[in-house]
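The values are calculated or read from the model by the stated rules, or taken from the named source; none is laboratory data. Source: prediction; values computed, not measured. Backbone-built Cβ (ideal geometry, glycine too); neighbour counts: all protein chains shown. Only protein heavy atoms, including side chains, enter the accessible area calculation; ligands, DNA and RNA are left aside. Shrake-Rupley method; radii C 1.70, N 1.55, O 1.52, S 1.80 Å.
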Number of protein chains: 2
Amino acid sequence: MGIKQTFGQKVNALRKGKGLSQEDLSEKSGINRPYISAIEQGKRNVSLEVMEKLAEALEIHIKVLFEE
Amino acid sequence: MGIKQTFGQKVNALRKGKGLSQEDLSEKSGINRPYISAIEQGKRNVSLEVMEKLAEALEIHIKVLFEE
DNA sequence: TTGTAGACTGCCGTCGACA
DNA sequence: ATGTCGACGGCAGTCTACA
């Protein structure tokens, strides 16, 4: 499992835990929905700024995205 | 302070804590030295894969890069 | 609701060189 | 030992559209 896959699974789990759809997360984060879909599938090499937007939208600290 | 600056300062602090030069970190991580310089100055929007290489070279878990 | 495709712009990340 | 520059290929991130 690469880091992109691990990261994607974490985003997916946190999003579902909040009861949000990809569309919801897209609107809250300002990131387009197809890109969020690809991120959750571990296909994208996400950057710091996107990670920050995701964390804000999920109402968590960025470091949570890297906890087991 | 943006996230890029915060991240860069963390890398700088961890590197110095290990007694490494940018050149040392460059060799251990496989990332070119000018880029590491720019990262520490908060000028670059670092990606997941680069973060992973930095964490391995610094012998820490990635999440440490986001702790206060 | 999610995955995927194509086309596009801008920037990540590399490298060699010089202060 | 570090910062900076210029040039470059490749991909991050956007958008529209369709299953």
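A compact table of results
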item: Subset of the range A:58-68 that is more than 13 Å from A:Gln5 (Cα to Cα), surrounded by 14 or more Cβ atoms within 10 Å (Cβ to Cβ) and in contact (Cβ under 8 Å) with a residue 24 or more places away in the chain - its residue that is farthest from the other protein chains (Cβ to nearest Cβ); result: A:Leu58
item: Unique residue being under 18 Å from B:Met51 (Cα atoms) and within 11 Å of another protein chain (Cβ to nearest Cβ) when the list is A:Gln9, A:Gln5; result: A:Gln5
item: B:Leu48 being out of contact with any Leu (no Cβ under 6 Å at 6 or more places or on another chain), within 12 Å of chain A (Cβ to nearest Cβ), surrounded by 16 or more Cβ atoms within 10 Å (Cβ to Cβ) and without any contact (Cβ under 8 Å) to a residue 40 or more places away in the chain; result: yes
item: Selection count where residues are within 25 Å of A:Val50 (Cβ to Cβ), more than 9 Å from DNA strand D (Cβ to nearest atom) and among the small types (Gly, Ala, Ser), scope the range B:13-49; result: 4
item: Residues (of a type in the set (Gly, Ala, Ser) and over 27 Å from A:Lys43 (Cα atoms)) located in the range B:15-68; result: B:Gly17, B:Gly19, B:Ser21, B:Ser37
item: Hits in the range B:16-32 (condition: near DNA strand C (Cβ under 9 Å from one of its atoms) and closer than 15 Å to B:Leu58 by Cβ); result: B:Ser26, B:Ser29, B:Gly30, B:Ile31
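So that you can scan it fast, the table gives a plain yes or no per residue for (1) open to solvent by less than 50 Å² (accessible area, probe 1.4 Å); (2) modelled with pLDDT under 95; (3) within 13 Å of chain A (Cβ to nearest Cβ):
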residue: B:Ser26; (1), (2), (3): yes, no, no
residue: B:Ile39; (1), (2), (3): yes, no, yes
residue: B:Lys53; (1), (2), (3): no, no, yes
residue: B:Glu56; (1), (2), (3): no, no, yes
